[in-house]
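K.L.:
Here's a structure for you.
The values are calculated or read from the model by the stated rules, or taken from the named source; none is laboratory data. Computed from a prediction, not measured in an experiment: that's the story for all the values here. Positions of Cβ are backbone-derived with ideal geometry, glycine not excepted, and every protein chain shown enters the neighbour counts.
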Amino acid sequence: MSEISRKQFLKQSILASAALPFAPMFAGSELAPLQVPEHAELEKDEAFWAEVRQQFTLDEKVINFNNGSVGPQSIPVQEAHIDMYRLSNKAPAHYLWHELNDQRETLREELAKLMGAETEEVAINRNTTEGLSTVIFGLNLKAGDEVVISDFDYPFMLNAWRQRQMRDGIILKEVKLPLPIEDVDQAVELYRKAITPKTKVVHITHVINWTGQVMPVKEITAMAKEKGCEVVVDSAHALAHVPLSFKEIGCDYLATSLHKWLGAPFGTGALVVKKEKKASLWPLMSPYEPQSDDIKKFEFLGTRSIPAEMAALDAIEFHQKLGAENVHKRLHYIKNYWVNQVKDLKGITVHTSLKPEFGGAMATISIDGKTAGEIVTGIRKTAYFDVGYVVWNGMDAVRISPHIYTSLHELDLLVEAIKNLVGK
């Protein structure tokens, strides 16, 4: 179903229903059509990004620098989600399992295009943790098989691997990452040294949640594949944030969340499994044929929010209208904008690269003699900033993750707050 016919169907279905009328959530707030200009350095066009900001429903009392945890949806995505949710409540079994779910293949096709994968390789689920857990618990591993992980991988994924270690006797080999890393060969060599003839799997985090470090996943994958390993990539923070292509990376399995940088409804994600790996990978929740090569076997989750999933189509449309390259450049620009103003202040340590190939929107800083909690308390004397706490691997820091709607004024307030905190 095309995007236009999808929206026409939804509108007609709502109008044709016999239920009581309801007031639209955004009544009286007509949005002007967003026009994306075509010129160089769009990432610095503050007038345009101010228009983008109007596409979001923001709490002006909170400066949201915690988008790395979960991002907001634009108004068009919210409206689509709410409309489909209300429609579904008129006859849930009919609309959820038939009318709305009939759009699933369209979403699968669009996600495949967005992630550089084949349509039959993409499963729609609820988040990265679910997708990676499917892989971790679904791989055929036995006692003595080795899996390479890193000390900065996501805790839930490390816990999943440790559970397999406890239950099945696999061996975990940990790579120590000296962040930030700005040398591809160095990163590849760190993983190479951890691989032995017993290594079966290499687990790589694409964009490290703690600091925003972008890892050279393509190069690490190529090395690991040459050594006969399967490769699992955690791309929770990569989609709609930094360049992402399943084919170009060359890995076997990849999972991502749609509710972070893409701005899809909360609790939406995707798992990508290479075609020739589908049959041998066990699903997390067993369908009728757990060893089939049908990608849909990984979508057997029971009752789920179909409206949330289908509104991801509107998030993709919004992202495509802005342009993936424009978004990536803007996110990198606003990160560097504030970090460059504080990185040389006394006591400040920046744990994130400022180079576009090794970083995106997120940056993590620590201040000598101060805990993460003390930093947050200090900067909130200037304004209420919502930031991420990073207390991990000896780091006691804060992560700042602005988004496309973030204004330079908000970043200026952050810079002012940090300068006040360090006495400059």
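K.L.:
Please specify each residue of the stretch 230-243 satisfying the condition of being assigned to a loop (DSSP other than H, G, I, E, B) and crowded, with 24+ Cβ neighbours inside 10 Å.
P.N.:
Across the stretch 230-243, the qualifying residues are Ser235, Ala236, His237, Ala238, Leu239, Ala240, His241, Val242.
K.L.:
To continue, here is another question. From the list Val184, Val135, Val175, Val201, which one is buried (at least 17 other Cβ atoms within 10 Å of the Cβ), in contact with a helix residue (DSSP H, G or I) (Cβ under 6 Å, 6 or more places away or on another chain), among the hydrophobic types (A, V, I, L, M, F, W, C) and under 26 Å from Glu226 (Cβ atoms)?
P.N.:
Only one candidate qualifies: Val175.
K.L.:
Considering the stretch 89-109 alone, what residues qualify as being more than 30 Å from His237 (Cβ to Cβ) and of a type in the set (S, T, N, Q)?
P.N.:
Asn89
K.L.:
Let me ask something else. Can you spot a residue in the stretch 163-175 that is under 20 Å from the mean Cα position of the chain (by Cα), assigned by TED's automatic domain parsing to the domain that holds Leu258 and within 24 Å of Pro243 (Cβ to Cβ)?
P.N.:
no
K.L.:
A further question follows. Against the condition assigned to a helix (DSSP H, G or I), charged (D, E, K, R) and touching a residue at least 60 places away in the same chain (Cβ under 8 Å), how does Glu410 come out, does it pass?
P.N.:
Yes, satisfied.
K.L.:
If you take the residues of the stretch 376-399 that are assigned to a strand (DSSP E or B) and in contact with a helix residue (DSSP H, G or I) (Cβ under 7 Å, 6 or more places away or on another chain), which of them is surrounded by the most Cβ atoms within 10 Å (Cβ to Cβ)?
P.N.:
Restricting to residues being assigned to a strand (DSSP E or B) and in contact with a helix residue (DSSP H, G or I) (Cβ under 7 Å, 6 or more places away or on another chain), the top hit is Val398.
K.L.:
Considering every residue within the stretch 360-382, establish whether at least one is within 20 Å of Glu410 (Cα to Cα) and among the charged types (D, E, K, R).
P.N.:
yes
K.L.:
Would you say Gly116 is under 20 Å from His241 (Cα atoms), buried (at least 18 other Cβ atoms within 10 Å of the Cβ) and in contact (Cβ under 8 Å) with a residue 12 or more places away in the chain?
P.N.:
Answer is no for this residue.
K.L.:
Moving on to the next point. Out of everything in the stretch 30-55 that is among the hydrophobic types (A, V, I, L, M, F, W, C) and surrounded by 15 or more Cβ atoms within 10 Å (Cβ to Cβ), what residue ends up being farthest from Glu79 (Cα to Cα)?
P.N.:
Checking each candidate, the answer is Leu42.
K.L.:
Mind checking which pairs have a first residue in the stretch 23-48 that is not assigned by TED's automatic domain parsing to the domain that holds Leu408 and assigned to a helix (DSSP H, G or I) and a second that is hydroxyl-bearing (Ser, Thr, Tyr) and at pLDDT 85 or above, Cβ under 6 Å, 6 or more apart or different chains?
P.N.:
So the pair list comes out as Glu43/Tyr333.
K.L.:
Among the residues of the stretch 60-72, what is the count of those that are closer than 20 Å to Arg399 by Cα and either in contact with a helix residue (DSSP H, G or I) (Cβ under 7 Å, 6 or more places away or on another chain) or not polar (S, T, N, Q) (or both)?
P.N.:
8
K.L.:
If Ala311 satisfies every condition in (1) more than 15 Å from Val122 (Cβ to Cβ); (2) assigned by TED's automatic domain parsing to the domain that holds Ile204; (3) without any contact (Cβ under 8 Å) to a residue 24 or more places away in the chain but one, which is the exception?
P.N.:
Ala311 satisfies all of (1) more than 15 Å from Val122 (Cβ to Cβ); (2) assigned by TED's automatic domain parsing to the domain that holds Ile204; (3) without any contact (Cβ under 8 Å) to a residue 24 or more places away in the chain except (3).
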